[in-house]
Amino acid sequence: MHFGAHKISPIGKASSNRITEAAGFSLRLLTALLLMRLAWRRFMGRNRTEHSYETQLYGRLLQKQEEERLCIAREIHDNYNQRLATVAISLEELSDSLSDSCTDAKEKLHELFNRISELGADMHILSHTLHSSTLENLGLAPGIRAFCAEFTEQQNLQVDFFQDDVPAVTSQDQALCLFRVVQEALKNVKKHSDADRAEVRLERSGGELHLQVVDRGKGFDLKAHAPGRGIGIRSMQERLHLFGGELEVHSKPRVGTRIDAWLPIQSAPNEVTLYRLKPMPSM
Ligand SMILES: Nc1ncnc2c1ncn2[C@@H]1O[C@H](COP(=O)(O)OP(=O)(O)O)[C@@H](O)[C@H]1O
Ligand SMILES: [Mg+2]
């Protein structure tokens, strides 16, 4: 596959759903503003140490977002889904208690039961998108594999996952970082590419993890559509940067798009990690 390549000018180092989007709107607004500020400072040629305050702030916003996601995912799973299940059972019991002659009422109850079940399934998907228990419990490669399988099932897009020599244990922060990059990249494939399949590859390359998300869809002109107009690509880049990683975007109209992400394995995190924050420098 031949793509035009575009290395996103890095900072420092060389630098789901409607409900999900509604939740935490203010946080995302803040994040978007901060991403714009980071991009502006890069444009103005500030060096890495001058970015440390923004970088830490961005790390804190991501941490808040992740905490919020976890909280909403738990609430959906432990509270709303359970309540929906109880309603579904009551509908079934009600239907069973009616005599066979009440066919209309039984049909109506059956329809309601199906709608409630569908709603429950959607809530389950939403909760998984916000927080992957497979990622948390089984680790990076199983977490991404499970997500690709779910995406294939739910989004009408065949996603094939390949892995090679991925360490069984990576830090939770790094795993979450790459997981969110995969989510964002596949969201872009679905939203922009018109492709009907995509590949996700994860492998160890020397001391780094190398992630690729490839589609052979309509692609885009990197010069005409400078990445960064939306915040998806920019946020992938900043997320990786927090852990000393890098992002490259390759794309060519009518050929497809490939994103490459590199993350040093077990590198000491830069200034900040999502779960263990250092104090903010004085302003
Ligand atoms: N896989 C893809 N196929 C085609 N175009 C893409 C793909 N990924 C990104 N793009 C292009 O890059 C732009 C920026 O993407 P992004 O930063 O995620 O913002 P958004 O998705 O909000 O538009 C998109 O608007 C689209 O034009
Ligand atoms: Mg996007």
Go through (1) away from ligand 2 (no atom under 16 Å from the Cβ); (2) acidic (Asp, Glu); (3) within 18 Å of Gly232 (Cα to Cα) one by one and return the number of the condition Glu208 breaks. (3)
Please state which one of Val181, Val189 is within 16 Å of Leu263 (Cα to Cα), in a helix (DSSP H, G or I), at pLDDT 95 or above and within 13 Å of ligand 1 (Cβ to nearest atom). Val181
Here is a check on your reading of the model: is Leu91 crowded, with 17+ Cβ neighbours inside 10 Å, of a type in the set (A, V, I, L, M, F, W, C), modelled with pLDDT of 80 or more and under 29 Å from Asp260 (Cα atoms)? no
Of the residues that make up the stretch 194-210, is at least one of a type in the set (Gly, Ala, Ser) and modelled with pLDDT of 95 or more? yes
Quick one: in the stretch 198-234, which of the residues that are surrounded by fewer than 16 Cβ atoms within 10 Å (Cβ to Cβ) and closer than 24 Å to His131 by Cα is farthest from ligand 1 (Cβ to nearest atom)? Glu203
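Residues of the stretch 251-265 being out of contact with any Cys (no Cβ under 7 Å at 6 or more places or on another chain) and aliphatic (A, V, I, L, M), which ones?
Here is the first cut: in the stretch 251-265, the residues out of contact with any Cys (no Cβ under 7 Å at 6 or more places or on another chain) are 251-262, 264-265.
Listed by number, the residues that qualify are Val255, Ile259, Ala261, Ile265.
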Odd one out for Asp173 among (1) assigned to a helix (DSSP H, G or I); (2) within 11 Å of ligand 1 (Cβ to nearest atom); (3) at pLDDT below 90: (2)
Of all helices (runs of 4 or more DSSP H) fully inside the stretch 63-138, the set with 1 or more residues that are in contact with a Leu (Cβ under 9 Å, 6 or more places away or on another chain) and hydroxyl-bearing (Ser, Thr, Tyr) is 81-97, 103-130
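How many of the residues in the stretch 158-194 are among the acidic types (Asp, Glu) and closer than 14 Å to Glu136 by Cβ?
Of the residues in the stretch 158-194, the ones among the acidic types (Asp, Glu) are 160, 164-165, 173, 184, 194.
Keeping just the survivors that are closer than 14 Å to Glu136 by Cβ gives 173.
Qualifying residue count, the stretch 158-194: 1.
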Every residue in the stretch 156-171 that is surrounded by fewer than 19 Cβ atoms within 10 Å (Cβ to Cβ), touching a helix residue (DSSP H, G or I) at 6+ places or on another chain (Cβ under 7 Å) and over 18 Å from Lys218 (Cα atoms), please. Gln163
Show the residue pairs that are 6+ apart or on different chains and have beta-carbon atoms under 8 Å apart, the first residue being within the stretch 147-174 and within 13 Å of Thr129 (Cβ to Cβ), the second being of a type outside the set (Gly, Ala, Ser) and in a loop (DSSP other than H, G, I, E, B). Phe151/Leu157
Away from ligand 1 (no atom under 16 Å from the Cβ), under 28 Å from Val255 (Cα atoms) and part of a helix (DSSP H, G or I): is that true of Gln154 in this structure? yes
Pairs under 6 Å by beta carbon, first residue farther than 28 Å from Cys177 by Cβ in the stretch 65-87, partner in a helix (DSSP H, G or I) and of a type in the set (Val, Ile, Thr), six or more apart or different chains? Leu84/Ile116; Val87/Ile116
Which numbered condition trips up Ser26, out of (1) part of a helix (DSSP H, G or I); (2) at pLDDT below 70; (3) farther than 22 Å from Leu126 by Cβ? (3)
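The values are calculated or read from the model by the stated rules, or taken from the named source; none is laboratory data. Here the structure is a predicted model, which is why all the values come from computation and not from measurement. Don't worry about glycine lacking a Cβ; one is built from the backbone with ideal geometry, like all the others, and counts go over all protein chains shown.
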